[in-house]
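One structure is given here, and the rest of the page talks about it.
The values are calculated or read from the model by the stated rules, or taken from the named source; none is laboratory data. Just so it is clear, the model here is predicted, and its values are computed rather than measured. Don't worry about glycine lacking a Cβ; one is built from the backbone with ideal geometry, like all the others, and counts go over all protein chains shown.
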Amino acid sequence: MISPAMIAGLVFGVCGLLAAAVVEYLLRSFADQAGVNRWVFVAVPGLFGMLYALMLFQDGRRRIRQLGQSVSRGILIALLTWISFSTMATMVWCSPREIGACFSHLLLATAIVGGGPMLAVALLGGLLAGVLIIRPPAKRASE
């Protein structure tokens, strides 16, 4: 049987890629300005989502008993992904002496541009992961 952390990792990885696909045109222009391959900026939110889902859904069958607990973990994954992506973009795009001001501007810009899609996929991913983790296992024919 697949572990709850793996289920959540796959769900949030796909959801993160969906959120990045919604704002892909902005990520592409941002990557062009920074001189980075555009696929890096499209794939990174999904990879961060997978990473944080694997960490936060450890031992999920025992800890997650209600759907709200899974949704709140999903929102936390979205927040951590947003901060991590902004940090990565700051390191790629900004000069070292302006890193603090640039980071705050990037946090605000990424919240405005990607906040809606990230919130939507956080709720969707939390619901889907919660349903897949909480549901009772299927009975085998031999039992």
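So, of the residues in segment 47-66 that are part of a helix (DSSP H, G or I) and modelled with pLDDT under 90, which turns out to be farthest from Y25 (Cα to Cα)? Before the answer, list the steps.
Filtering segment 47-66 for residues part of a helix (DSSP H, G or I) gives 47-56, 60-63.
So of that shortlist, the ones also modelled with pLDDT under 90 come out as 60-63.
Details: G60: 36, R61: 38, R62: 41, R63: 39 Å.
Here the residue is R62.
So how many residues does segment 21-45 have that are touching a residue at least 40 places away in the same chain (Cβ under 8 Å) and part of a helix (DSSP H, G or I)?
8
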